[in-house]
Amino acid sequence: MTEAATARYTGVFPVAPTVFDDRGALDLEGQRRAIDFMIDAGSHGICILANFSEQFVLTDDERDQVMEAVLAHVAGRVPVIVTTTHFASSVCAARSRRAQELGAAMVMVMPPYHGATFRVAEPAIREFYQTVSDAISIPIMVQDAPVAGTPLPAAFLARMASEIANLAYFKIEVPQAAAKLRTLIELGGAAIEGPWDGEEAITLMADLDAGATGAMTGGGYPDGIRQITDAYFAGRRSDALDAYQRWLPLINYENRQCGLNACKELMAEGGVIRSATVRHPLQPLHPATRAGLIEIARRLDPLVLRWGR
């Protein structure tokens with residue numbers, strides 16, 4: 001194994017929700033407030049237009065509106081990762097180039113897939129990421145998530161990292177993520193600039209132990225995730241374990257009961273945004289589920305429940 005590269009980006013980079021009003025239209029004022037809260041809560045950076053941002057319910061024009069509004073509002077305060085996933089190589093490359101032009105620090109891209117059965121083989125996946133890399137000069141993060149249904153063996157990811165100039169970050173959120181992270185780091189060495197944790201941090205401690213240097217979580221409580229990662233990276237493992245144990249019930253409730261609704265419900269409860277609306281056909285949380293989320297969160301006193309009050 002070669003010595004690891006010095007990463008440009010590390011720490012907690014939560015996913016921002018896309019904020020809608022009660023009618024399901026974009027609420028860009030609320031979007032900006034959500035971003036301000038996430039920065040105040042200690043986010044090292046922010047990811048937008050990811051799956052947890054409901055990117056799949058937005059028109060292309062709405063994607064552009066959100067990207068332009070967020071990047072202009074952040075104005076360099078923290079790095080912003082823009083998700084530019086698309087099945088077509090040329091469209092993904094164009095989206096990525098536009099994100100870079102507007103000030104994105106990185107793009108996050110899933111492998112090309114569509115529906116339950118449209119997949120491409122490894123050679124075409126490599127060509128896809130090469131096409132995106134050729135269009136930009138900022139880093140690419142590969143999102144390795146079950147939703148794509150596309151096998152991405154660690155050896156293949158490591159090989160792409162060594163061969164494709166800007167492919168340097170990897171968000172691993174498949175089962176046994178820690179084992180895959182460990183293997184990816186062993187095989188890729190310095191080419192793996194950013195091995196990152198995902199899936200709302202439900203496997204965060206195991207992933208940190210495997211070598212993860214970043215965490216892309218939900219956007220509701222970056223301050224809580226920072227309690228875990230700050231202690232871990234400072235060498236205070238016992239404190240990190242204690243923090244993980246404290247926050248894991250909320251992480252679990254988000255991951256297993258609420259999904260992408262959790263962040264919006266927490267932000268609405270704390271006055272960060274006016275509406276927790278998700279765009280149909282997605283459904284609001286059952287009132288009992290929402291009550292359970294807020295009850296667990298209140299015991300931890302996250303900033304999100306106080307920020308807008």
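The values are calculated or read from the model by the stated rules, or taken from the named source; none is laboratory data. The structure displayed is predicted, hence computed values, not measured ones. Positions of Cβ are backbone-derived with ideal geometry, glycine not excepted, and every protein chain shown enters the neighbour counts.
Being under 21 Å from C258 (Cα atoms) and without any contact (Cβ under 8 Å) to a residue 60 or more places away in the chain is true for just one of I48, I39. Which residue is that?
On the way: I39 fails: under 21 Å from C258 (Cα atoms).
After applying the criteria, what remains is I48.
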Could you say whether any residue in segment 133-150 is among the hydroxyl-bearing types (S, T, Y), crowded, with 18+ Cβ neighbours inside 10 Å, modelled with pLDDT of 95 or more and over 19 Å from the mean Cα position of the chain (by Cα)? yes
Search result, residues across segment 76-119 that are free of Cβ contacts under 8 Å to residues at least 12 places away in the same chain and over 20 Å from A135 (Cβ atoms): G115, T117
List the strands (runs of 3 or more DSSP E) that sit entirely inside segment 136-197 and contain at least 2 residues that are closer than 18 Å to P112 by Cβ and in contact with a helix residue (DSSP H, G or I) (Cβ under 7 Å, 6 or more places away or on another chain). 140-144, 167-172
